[in-house]
Amino acid sequence: MANNWTREQLIVAFNLYCKIPFSKSVQGNPDVIRVAKLIGRTPSAVAFKLGNFGSFDPELKKRGIGGLPNTGKLDKEIWDEFHSNWEELAFQSELLVAQFENKTIEQIADLDLSGRPVGDERESLVRVRVNQSFFRQSVMSIYGSKCCITGLDMPSLLVASHIVPWRSDVANRTNPQNGLCLNSLHDKAFDQGLITITTDFKVKVSARLKESSSREFVQVFFLEYEDREISLPDKFRPESGFLAFHNESVFKS
């Protein structure tokens, strides 16, 4: 096989980059081994490519993590494409994963569309569900499947929560930096603006909750965490602009 990576292989590798913590981008990781087999590369080559992508990540650079050198021109092109159009490239990467696995995109997204006629409505539903699945997998993975406020680690009780609501910013619907891993209760409170996360990553509780008659409940589940810093992932940390939007436009201060 030629040494040069194809565009399709790189997009699938970037899909994986979004779905595992950077600290686990190693050749022994089962997900790295699985993707390597899928695209016809060695696990060490895939792990190295994940390190190449890490060299472009500004959040890693801020913390002195440099990624790996010797990146290619196409590596940077793929990185820039995703960051300028998360909505489209998330879908395209999932579509390529399906093709490499010899599956349909509906199978990848675990969708049962029997009875739905072929057409624009069906295609739109598939795209939405596929992108929602990509976003959830990415956010859950980078937070280690733990609530970033409480540390709860039961996946069935966790939600990949949007900072800027799904309907408010189409371009960043699938951007992992627009996501937080929250338990169902805190996700609902965050969505309703009863709590927020400040731009310095601290929990803030609204006056409405503080004035609630259920003071013991509020104390245990909300005030206990006020002013605490959330647990942060090693990459794709919440973007300050998204947090500022939630602070100013959603939070009921």
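Would you check which residues across the stretch 66-81 are surrounded by fewer than 16 Cβ atoms within 10 Å (Cβ to Cβ) and part of a loop (DSSP other than H, G, I, E, B) and list them?
Going through the stretch 66-81, the residues surrounded by fewer than 16 Cβ atoms within 10 Å (Cβ to Cβ) turn out to be 66, 68-70, 72-74, 76-77, 80.
Result: G66, L68, P69, N70, G72.
For the stretch 150-233, list the strands (runs of 3 or more DSSP E) that sit wholly inside it and hold at least 2 residues that are over 30 Å from Q92 (Cα atoms); which are they? Before you say what the answer is, go through the steps one by one.
Numbers: elements: 158-162, 179-183, 195-197, 203-205.
Once the strands (runs of 3 or more DSSP E) in the stretch 150-233 are filtered for at least 2 residues that are over 30 Å from Q92 (Cα atoms), what remains is 195-197, 203-205.
Filter the stretch 122-147 down to the residues that are among the β-branched types (V, I, T) and surrounded by 18 or more Cβ atoms within 10 Å (Cβ to Cβ), then identify the one that is farthest from K235 (Cα to Cα).
Going through the qualifying residues, I end up with V126.
Could you grab me the full set of residues in the stretch 1-28 that are part of a loop (DSSP other than H, G, I, E, B) and within 23 Å of G64 (Cβ to Cβ)?
Answer for the stretch 1-28, where residues must be part of a loop (DSSP other than H, G, I, E, B) and within 23 Å of G64 (Cβ to Cβ): C18, I20, P21, S25, V26.
In the stretch 211-252, how many are open to solvent by 70 Å² or more (accessible area, probe 1.4 Å) and either closer than 24 Å to W86 by Cβ or in contact with a helix residue (DSSP H, G or I) (Cβ under 7 Å, 6 or more places away or on another chain) (or both)?
Matching residues across the stretch 211-252 total 6.
Inspect the stretch 97-104 for any residue being in a loop (DSSP other than H, G, I, E, B), modelled with pLDDT under 85 and hydroxyl-bearing (S, T, Y) and give the result as yes or no. Walk me through how you get there before you give the answer.
Within the stretch 97-104, the subset in a loop (DSSP other than H, G, I, E, B) is 101-104.
Next, only the ones that are modelled with pLDDT under 85 stay: 104.
Among the residues that remain, those that are also hydroxyl-bearing (S, T, Y) are: 104.
Yes, there is a match, as at least one residue in the stretch 97-104 is in a loop (DSSP other than H, G, I, E, B), modelled with pLDDT under 85 and hydroxyl-bearing (S, T, Y).
Can you find, within the stretch 38-62, the residue that is most open to solvent (accessible area, probe 1.4 Å) among those that are more than 15 Å from I11 (Cα to Cα) and assigned to a helix (DSSP H, G or I)?
Among those that are more than 15 Å from I11 (Cα to Cα) and assigned to a helix (DSSP H, G or I), it is K62.
Applying the selection to the stretch 234-252, what residues are more than 18 Å from H186 (Cβ to Cβ) and in a helix (DSSP H, G or I)?
Within the stretch 234-252, S240, G241, A244, F245, E248, S249 qualify.
Go through the stretch 1-31 and give me each residue that's buried (at least 20 other Cβ atoms within 10 Å of the Cβ), closer than 16 Å to E94 by Cα and without any contact (Cβ under 8 Å) to a residue 60 or more places away in the chain.
Selection gives Q9, A13, L16, Y17.
The values are calculated or read from the model by the stated rules, or taken from the named source; none is laboratory data. Owing to the predicted nature of the structure, the values given are computational and were not obtained by experimental measurement. Every residue, glycine among them, receives a Cβ derived from its backbone with ideal geometry; neighbour counts consider all protein chains shown. Surface accessibility is based on the protein's heavy atoms, side chains included, excluding ligands, DNA and RNA. Shrake-Rupley method; radii C 1.70, N 1.55, O 1.52, S 1.80 Å.
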